[in-house]
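First the structure, in the form of structure tokens, and then the observations on it.
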Amino acid sequence: MSKLLLNAQIVNEGTTFRGHLFVRNQIIERVFSELEDYSALMSESVEIIDLSGYHILPGLIDIHVHFREPGLTQKGTIFSESRAAVAGGVTSVLEMPNTNPPTLTEKLLDEKLSIAEKNSFVNYGFYIGVSSNNLDDVLNVDSRKTCGIKLFMGSSTGNMLVDDDEILNKLFAESRLPIVVHAENEKRILEHTERIKSEYGNSPPISVHPMIRDVEACYQSTKKAVELAQKYHTKLHIAHLSTSKELAFFSTAPLSEKRITSEVCVHHLWFTANDYDCLDTKIKCNPAIKTQEHREALRNAVNSGQIDIIATDHAPHTLEEKTQSYFKAPSGIPLVQHSLQALLELVRQHIFSLETIVEKTAHNPAKLFGFEKRGFIREGYFADLVIVDLNSPQTVDSTNIFYHCGWSPFEGYTFNSKIICTFVNGNMVFQNFTTPEFNFSKTYQL
């Protein structure tokens, strides 16, 4: 059924205006300003949805998630985590390769694509991972099956560290795909780890995390990746910036002029090292959450244009895993359901504008990865949309968390906004006008 979405505040391409959308056959067919006449489109075959008091945003495109399937399904699945994603206004995701087995071959990409085709609530793409022994596979992969190459220059969850200079030079020289880098200096991290163990033993406090994975570890690795990209004119994206020092490598030029781009994740914009006191290993992540000084610099860089994209690095683990002692607890935070609400809270605090949030979570991801007809509220584009109420408080608790792991670092926090409904390809896949309801529908590989 075609839909008329009426009387909403539409946020798109740097402006917010009151208007209406007509959606038919998955596509935004018309965008009306408040005063334009839409009555000719009204008929018994058109569903009319009055969105007075609400805002319409382009659905979020989260370019950095870990949905854990295959092999780690005790933590999450493509079904469960994409379901949580639409509950948070996310309509498309790019998923990382450190599953079990890691996604290091075209055959394993095919297997993931097959799972997603049957089970994903959101549009999807998958990165292929590079390791010390699959470089030829990566350089010759069918580019239609993957969105890019994920390179771990510092080890994290999974065993995909690449720090051999010969492999790195060949990868940057010959890659036809964008390279997305987790940048931390492994040698420095190991040295700090041994020092901490000698001082504290095997159960140090969580406060050591940003000491082990410190500013210099991030800076040195980012510097190396940027120098390689400049040497070979490679398309490079640095994931999850966490320090002010790394910002020196990124410009405020328009995205269309950049070959080297950057990303910050919601947790590095929200939390600081002070939050370890109450959240402990629940917010252990790589790279580490650091001091307020770094958080403020990252926020400023979002506004200045040095940082191009906001993502989540959504990485669920079971609560049992996360509540182990420091060295045993895995790194990663479940975030994809609550990222938009957290960002809207920062809008309320006058840190960001709504238009900036839309640019960094929808427009720029679509531009950077070349997603046709997505990421904008434009006529002829897919109707990937999120409807939000900026003045409807919602407390995060176990009854409204949809992650398979069942917990969130925001548990107990009351956001001032609420996700009302999410459209993917013109279909309302999530609605929370009264009680949450989901509707599975057709999605696409990006």
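The values are calculated or read from the model by the stated rules, or taken from the named source; none is laboratory data. Not measured: the values here are computed from a predicted model. So basically every Cβ, Gly included, is an ideal-geometry build from the backbone, and we count neighbours across all protein chains shown. Keep in mind that these areas ignore ligands, DNA and RNA; they rest on the heavy atoms of the full protein, side chains included. Shrake-Rupley method; radii C 1.70, N 1.55, O 1.52, S 1.80 Å.
Brief remarks on what is shown
- For the range 126-156, the set of residues classified as touching a helix residue (DSSP H, G or I) at 6+ places or on another chain (Cβ under 8 Å), over 30 Å from ASP214 (Cβ atoms) and surrounded by fewer than 22 Cβ atoms within 10 Å (Cβ to Cβ) consists of ASP137, LEU139, VAL141, ASP142, LYS145, listed by residue number.
- Of all the listed residues (ILE387, ILE377), the sole one being β-branched (Val, Ile, Thr), outside any loop (DSSP other than H, G, I, E, B) and buried (at least 22 other Cβ atoms within 10 Å of the Cβ) is ILE387.
- Looking only at residues of the range 401-446 that are assigned to a strand (DSSP E or B) and farther than 16 Å from VAL388 by Cβ, we find that the one that is most open to solvent (accessible area, probe 1.4 Å) is GLU437.
- Of the listed requirements (1) touching a residue at least 12 places away in the same chain (Cβ under 8 Å); (2) on the phi > 0 side of the Ramachandran plot, ASN400 misses just one: (2).
- Any hit, the range 262-280, residues being among the polar types (S, T, N, Q) and either within 17 Å of the chain's Cα centre (by Cα) or farther than 26 Å from ILE189 by Cα (or both): yes
- Of everything in the range 390-400 that is of a type outside the set (D, E, K, R) and either assigned to a loop (DSSP other than H, G, I, E, B) or at pLDDT below 95 (or both), the residue that is surrounded by the fewest Cβ atoms within 10 Å (Cβ to Cβ) is THR399.
- Within the range 399-426, the set of residues being small (Gly, Ala, Ser) and under 22 Å from LYS442 (Cβ atoms) comprises just one member, GLY426.
- Residue list for the range 266-293, restricted to those being in a helix (DSSP H, G or I) and open to solvent by 20 Å² or more (accessible area, probe 1.4 Å): TRP270, ALA273, ASN274, ASP275, ASP277, CYS278, LEU279, ASP280, LYS282, GLN292, GLU293
- Members of the range 219-275 that are within 25 Å of PRO316 (Cα to Cα) and aliphatic (A, V, I, L, M): ILE238, ALA239, LEU241, VAL264, VAL266, LEU269, ALA273
- Tally, over the range 334-350, of residues that are in contact with an Asp or Glu (Cβ under 9 Å, 6 or more places away or on another chain) and either of a type in the set (Gly, Ala, Ser) or surrounded by fewer than 19 Cβ atoms within 10 Å (Cβ to Cβ) (or both): 1
- Number of residues in the range 14-45 that are over 23 Å from TYR444 (Cβ atoms) and at pLDDT 95 or above equals 8.
- Qualifying residue in the range 108-125 (condition: touching a residue at least 40 places away in the same chain (Cβ under 8 Å), closer than 18 Å to SER221 by Cα and crowded, with 17+ Cβ neighbours inside 10 Å): no
- Filtered residue count, the range 294-333, keeping only those that are open to solvent by 40 Å² or more (accessible area, probe 1.4 Å), part of a loop (DSSP other than H, G, I, E, B) and either of a type in the set (A, V, I, L, M, F, W, C) or touching a helix residue (DSSP H, G or I) at 6+ places or on another chain (Cβ under 6 Å) (or both): 2
- For the range 407-442, the set of residues classified as within 22 Å of CYS278 (Cα to Cα) and under 19 Å from the mean Cα position of the chain (by Cα) consists of TRP407, SER408, PRO409, PHE410, listed by residue number.
- Flag if LYS360 is at pLDDT below 95 and either open to solvent by 60 Å² or more (accessible area, probe 1.4 Å) or closer than 30 Å to LYS284 by Cβ (or both): no
- When the range 170-205 is filtered for residues that are under 28 Å from the mean Cα position of the chain (by Cα) and of a type in the set (S, T, N, Q), the ones remaining, listed by number, are SER175, ASN185.
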